[in-house]
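The structure under discussion appears below in the form of structure tokens.
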Amino acid sequence: MAIINSCNCKLAPGQNGKSKHTYCPTESHFTDKQSFQEGYEGIGKPRNRNGIESFEEVPMSVALLTYMGWGIVILIGYVKEFLLSFVPSQNPERNREGYAPLYSSFESFYTRNVYRPIRDCWNRPICSVPGAELVLKDRVTHDNGWTFSFTNTFTKCLNMGSYNYLGFAECEGPCATAAQKTTHSLGLGVCSPRQELGTMAIHKELETLVTRFVGAEDAITFGMGFATNALNLPSLVSKGCLVISDENNHASLILGLRLSGATIRVFKHNNMKSLEAKLREAVVQGQPRTYRPWRKILIVVEGVYSMEGSIVNLPEIIALKKKYKAYLYLDEAHSIGALGPRGRGAVDYFGCDPKDVDVLMGTFTKSFGSAGGYIAGSKKLINHLRIHSHAHCYATSMSPPVAQQIISSMRIIMGEDGTDEGQRRLVQLSRNSRYFRQKLRQLGLIVYGNDDSPVVPVLLFMPAKIAATSRELIKRGVASVSVGFPATRITESRSRFCISASHTKEMLDKAIEAMDEVGDLLRLKYSRLPIPVGPVIFGEDNNKPQQDQVD
């Protein structure tokens, strides 16, 4: 059992031999209204966060049972397919005569025997906007997940699975109204790449606003967030370049780096010793066989990691980047708009200089309730991308109403709409994230990540509990995302909750109560840490924080 960078709290004996918090020197556990205000708001102050990120190791007995569970699932699959091989009409391994297999054998096997029987837990049809609540269209399967049929019934659930961090995924309000007007005036698109006929005044307006928002010299925008990484990284690095990538980086980063042809080396997640060792070796040893210096060295990290709920250690990474003369690529897909006193992401959260990050990347699909992505940096960098980026040269330009949604929401966050609505949402998101995370820990659940992260992963471990947790939460009116191998390590299956500023305290309490019941039903309360017992503060209003006393 271990905690990484945990807070140094004074503990006092509690009931049943457990301990409780009496005082905490960090901002992880608030004890009065003054510390609440300082910890959550911090307007205009750098957010230098240390010591509030935790990853509890899986108990050995649970790890062994998890491996056994996966082994049983795989074994049953092979036995079933062996028996089906004697029935030609049911043989799943059939291929066209004379052709090599089109799909990887194990990947198709895994899909048929592990994923398909529980496919009802994913890709659920949604009949509403992904706001604080959503409406699911009910469906059933009669052939073990191969096909589904609708029941003409609907289930309204609390939405704990969407990246709607600031609550801008709305069908009404100033953003929706502005997007609707833009649709009438500019249409839905020009069906052309930006380099040809696809650049409109609204695209230039958006890029100017993004430049001001992130504090860079210039910015370029794209119509798809995934492609912003996958199609731009090959324009920045190539053969003879070295990329040092965090082991938990997103699939879009991994794909873009593979397409680039650059050499890739992976360092342990958020581990500065591992990163420095890779940098030192790269500078000293150079390229393999020739030992020539690398053409360039690029460090690739994310602001908030969407599976771990952790926040990048940006100040130390910037220090290492400067020490070894490397470049830094920061993916702020989940942090832009969700972190920092002004919502400017991890750079704002730590009070760093945006110019210390060579490539600032982010998406508009989370906090802004829209679509697309951006890259910001020096004018020289952006001019290079305007010429060489495949996403800029060949992809259709962003739809005008999509761009308008981003412009409207970004101006609200910046306070340029004349209200404090953006600041209110930022503070509310921070309060919600801390409240929800600490409440889950008090239930005895293993919760990964940083206290300020709006992504809250709860560890499930056992393969059978992945589907069971999702289904049981839906029965209780809570929609979340269950994730397992290969999206996570085989021993670290989890249920991921995404917190939004649009969630009220009553909504969060409903999800906490549901998770408490499911945790007891499925025996998910694996944590062996002292359970913190004390006041968990939650404020509905910026000026009137309230306390919620935990019994």
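The values are calculated or read from the model by the stated rules, or taken from the named source; none is laboratory data. Bear in mind that the values here come from a model prediction, so they are computed numbers and not experimental data. Every residue, glycine as well, gets a Cβ built from its backbone with ideal geometry; the counts of neighbours run over all protein chains shown. Remember, those area values only see protein heavy atoms, side chains included, never the ligands or the DNA or RNA. Shrake-Rupley method; radii C 1.70, N 1.55, O 1.52, S 1.80 Å.
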- [ ] Quick one: divide the alpha-carbon radius of gyration of the chain by 2.2 N^0.38 Å and tell me what you get.
- [x] 1.00
TODO: May I ask you to list the aspartates and glutamates whose Cα is less than 16 Å away from that of Lys204, ignoring any residue fewer than eight positions away on the same chain?
DONE: Glu196, Glu217, Asp218
Task: Share of carbon and sulfur in the accessible heavy-atom surface of the range 343-398 [1.4 Å probe, %] - done: 54
Task: ³J(HN,Hα), Karplus 6.51/-1.76/1.60, whole Hz, each residue of the range 61-73, x for Gly, Pro - done: 4, 5, 4, 5, 5, 5, 4, 4, x, 5, x, 5, 4
- [ ] Would you grab the residues whose amide H sits under 5 Å from the one on Ser482? Only those 5+ places off in sequence or on another chain, please, with H modelled 1.01 Å from N.
- [x] Arg496
Open item on the list: Quick one: 3J(HN,Hα) in Hz for the range 301-310, Karplus 6.51/-1.76/1.60 with θ = phi - 60°, rounded, Gly and Pro as x.
Closed with: 9, 10, x, 10, 8, 6, 9, 9, x, 9
Open item on the list: Give me the 1.4 Å probe accessible area per residue for the chain, excluding ligands and nucleic acids, in Å².
Closed with: 46
TODO: Quick one: of Lys80/Lys439; Lys181/Lys510; Lys239/Lys380; Lys321/Lys525, which pairs are farther than 31 Å apart, Cα to Cα?
DONE: Lys80/Lys439; Lys181/Lys510; Lys321/Lys525
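Of the listed peptides 365-375, 316-326, what is their order by residue-averaged count of other C-beta atoms within 10 Å, with the highest listed first? Could the numbers behind the result be given before it?
Values: 365-375: 25.8, 316-326: 16.7.
Going from most to least packed, we get 365-375, 316-326.
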Open item on the list: Quick check on the range 349-399: take the gyration tensor over C-alpha atoms, sort the square-rooted eigenvalues as a ≥ b ≥ c, and tell me if it's rounded (a/c under 1.5), prolate or oblate.
Closed with: oblate
- [ ] Collect residues whose amide H, placed 1.01 Å from N in the peptide plane, falls under 5 Å from the amide H of Ile299; neighbours closer than 5 in sequence don't count.
- [x] Ile244, Tyr327, Leu328, Tyr329
Task: Given charges at beta-carbon only (K, R positive; D, E negative), |dipole| of the chain in Debye - done: 1320
Task: Heavy-atom accessible surface of the range 199-253: percent carbon and sulfur, 1.4 Å - done: 57
TODO: List every residue whose amide H lies under 5 Å from the amide H of Phe267, counting only residues 5 or more places away in sequence or on a different chain, with H placed 1.01 Å from N in the peptide plane.
DONE: Ser245, Asp246, Glu247
